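Asks: Let me give you the structure first, and then I'll get to my questions.
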Amino acid sequence: MSDDNVIRPAFGNRRPPVEPDAAQPPLRVLGTGAGHRVGLIRDPSAEEGDVVRVVVGPEEGMMVETVALLPVAEGAEAEAERIGFAILRTLEVLEGAI
């Protein structure tokens, strides 16, 4: 799971898709919109330490990309959920406009 585009100056640049790692922690799906799913992954083995990832990927397939990364602390999962639901709502708005 690539983190090279997480709230950094390269945001928005196209990158080749990354196949998911077989050992990837389980995804908790928050919902789907505009052909994409949004979810959370708790990743204690991340380079950054124990983190909660907010991820987005196509509904079909297993690939996801990290769009936000929060260190695990009190309230981190709730904050990750808020971010995920905001992204999900954005996708729903886009879906309605298509």
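Each row is one residue, and each column tells you yes or no for (1) modelled with pLDDT under 60; (2) in a loop (DSSP other than H, G, I, E, B).
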position	(1), (2)
Ser2	yes, yes
Val6	yes, yes
Ala10	yes, yes
Pro16	yes, yes
Gly39	no, no
Arg42	no, no
Val54	no, no
Met62	no, yes
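Asks: Quick check on Leu70: is it within 13 Å of the chain's Cα centre (by Cα), surrounded by 15 or more Cβ atoms within 10 Å (Cβ to Cβ) and not in a strand (DSSP E or B)?
Replies: For Leu70, the condition - within 13 Å of the chain's Cα centre (by Cα), surrounded by 15 or more Cβ atoms within 10 Å (Cβ to Cβ) and not in a strand (DSSP E or B) - is not met.
The values are calculated or read from the model by the stated rules, or taken from the named source; none is laboratory data. It should be emphasised that the depicted structure is a prediction, and the values quoted were computed from it without experimental measurement. Here the Cβ is made from the backbone with ideal geometry for all residues, glycine too, and neighbour counts use every protein chain on show.
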